[in-house]
Structure formats: C-alpha cells, structure tokens
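The structure under discussion appears below in the form of structure tokens.
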Amino acid sequence: MSRRGNEPLDHGSARQSRLERSGLRCPGPIDIGWGAHLIALPEWLKQETITRYMSWVEREQYLALAKFAFSIEYEADSLGDPDPLWNTEPMSKQHTAAEQLRRTNLALWLARPSWAGFPMVISAHEDHGHWVHRETYSADTIRPINRDAANTLSQDDFSLAKKLGDVASTLSIKASTWIAMTLLWHALTDLQWASRYLLFWVALEALLAPIRK
C-alpha cells in the first residue's frame, strides 16, 4: 500500500512572502535530495478527514499559512511497518521518512540558511483516490540566527541542497562528518542559546578532530 509523509513548511505570513519575493514557483515537484521533494501544499491536507486529528495551532497556523511542503513517498504495509534498510536503530518506515526529511532540511540550510523548515509531520496513504490519515505529530524546526532570517531561496539553493544530500547519504554513520551533521541539526532546532552554542562548538570539534590527528 502506498504511503506518503508530507510535512508543511514552517511559514508565517512573513516567511511565505520571502519565498514569493524570491520568485519561487513550484509548478511540479522539486527534487531536493534524500528521496524528498518540495511541492505545492496539497489541497487534500486541508480536508476535514486529515485536519480533525490536529490541534488548533497545527490546523489554523502551521497548515493554514503553509504554501509548500516537503514530501516523501514510500511503500508500507501498515503504520509502524519496520524499515529493513535503515542502517541505525530499528525504525518504522514512517519515522525513517521523517528522518530523511530532517536530513533534507539540514542540507537546504547548508545550501542557504533560512527559515525553511517544518513544525509537524503528517503521514497518510491514498486509498482509491481518497487520502486516509495515519499519524500527525509536532517536530522541532530550524531556527536561523537573525542575520539569516530574511534570506530567500532559489532553484540554485535547491540544486545545491540535493548535491549536499547526495554526498551526505554516502557517509558512514560512524564518520566524524556524520556526527557533526547530527549535532548541527540539534543545535539549529534548540531554543536555548547556551545549548545551541555548545552543540555548534562540539560539531566544529568533530570536524576538526581528524585534521588534528
């Protein structure tokens, strides 16, 4: 059975306008790496059969104001179906898809830091032309520093993000670069400046350690 995980981008009205002012259009899916695509927000995500499981904030702010979504498609027999191809701890295919989207989001930030991100994850499957809700939950979203908050994104940024993601997907999970990427994600989504600073520092140390040896 076909399953899709769709994640609305974290945009308030000001963040939407940044994408619009940059000339971004999304007539079709844009490949941004890790098997994910940037798409125009599907209308079926706003159907009552999907939104009734959401909180007011998720429905009226996250979803109502979103213009785009990160999307990934995969095959799964059920919610919680384990992913035999995942190379770390056991994970369901739904959570594997969400992890791939987080890595895609990180690659997009590396290409150009911005507010582009997602505050919630929606898993659903299509059944004879109708979308059936499976799971919705909140997610930590990227929080850029002030000097990057007004950055806009272009097709070149998406292309670079895909290249970075394609390279990152070949790394060993034991590599210092991989560890640095994981720490960087935690730093970018942390609300406290002190812990963000510490995580950024350790991520930098993880990159420099092999050079010092």
To the nearest 0.05, how large is the calculated FRET efficiency for Thr170 and Glu126 if R₀ is 45 Å and r is the Cβ-Cβ distance? 0.90
So what is the diffusion coefficient of the range 172-213 in µm² per second by Stokes-Einstein at 10 °C and 1.306 mPa s, using a Kirkwood Rh over Cα pairs? 154
I'd like the FRET efficiency for Ala194 and Trp56, computed as 1/(1 + (r/R0)^6) with the beta carbon distance as r and R0 of 35 Å, rounded to 0.05. 0.65
List the lysines whose Cα lies under 18 Å from the Cα of Lys174, skipping any in the same chain that are fewer than 8 positions away. Lys213
Estimate the FRET efficiency between Leu207 and Asp81 by the formula 1/(1 + (r/R0)^6), using the beta-carbon distance for r and 35 Å for R0, to the nearest 0.05. 0.45
So which lysines can Lys67 reach, going by Cα to Cα under 29 Å and dropping same-chain residues fewer than 8 places off? Lys46, Lys93, Lys162, Lys163
Here the Kirkwood hydrodynamic radius of the range 49-166, Cα-based and in Å, equals 15.9
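Rule-based calculations on the coordinates, nothing more; no lab input. No experiment lies behind these values; they were computed from the predicted model shown. Virtual Cβ from ideal backbone geometry, glycine too; neighbours counted across all protein chains shown.
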